[in-house]
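The next block holds one structure in the form of structure tokens; read it before the comments.
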Amino acid sequence: MSTFISGLLSLILLMAPADKQPLNRFTEQAVKEHKYIAVYFSGSDWCSHCHYFNNHILQQDSVQQLLNKHYIYYNADFPQRKKLPPEDKQLNDAWAEALNPEGAFPLFVICDEQLQIKSRITRSHTIEAVTDTLQKYSNR
């Protein structure tokens, strides 16, 4: 039964619009590993709030352990001065269109394999709130 569901989901993902196809490897991995996807939207060379959020929230051991063990994690970086490789820019743009169309920075999003948003975490969240949210979605 689960093979049928996996096959059906793969077919649906293949029929996804071209702008969502770069995300297929993440959504397929999420299905295979029974994990949610966590995407961090940052501006590495211009967003001071992004630096703070990364250093004081995302790089903390408690958060790193949860991300490494329970999530498919991706950092969608949107630098202004540094030029990204075209495939990275395409992938980041696809993530932004799917999960962050308003262009908020920093933004940390947890979603399922169908890219349905479960939680949006902003710079106003404390480390405790972030770890609580990550723990909430860590078991699928």
Problem - Test result for THR126, in contact (Cβ under 8 Å) with a residue 24 or more places away in the chain, under 21 Å from HIS51 (Cα atoms) and not small (Gly, Ala, Ser) - result: no
Handout entry: Scan of segment 1-60 for residues that are more than 20 Å from LEU84 (Cβ to Cβ), modelled with pLDDT under 60 and of a type in the set (Gly, Ala, Ser), ordered by number
Key = SER2, SER6, GLY7, SER10, ALA16
Practice task
Please state which of the following conditions GLN80 fails to meet, knowing it meets all the rest: (1) within 25 Å of GLU113 (Cβ to Cβ); (2) in contact (Cβ under 8 Å) with a residue 12 or more places away in the chain; (3) exposed (fewer than 13 other Cβ atoms within 10 Å of the Cβ); (4) not basic (Lys, Arg).
Solution key: (1)
Problem - Failed item in (1) over 23 Å from VAL31 (Cα atoms); (2) more than 11 Å from the chain's Cα centre (by Cα); (3) crowded, with 18+ Cβ neighbours inside 10 Å, with TYR137 passing the rest - result: (1)
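The values are calculated or read from the model by the stated rules, or taken from the named source; none is laboratory data. Since the model is a prediction, treat every value here as computed from it, not as a measurement. In this analysis, Cβ positions are derived from the backbone assuming ideal geometry, glycine residues included, and neighbour counts consider all displayed protein chains.
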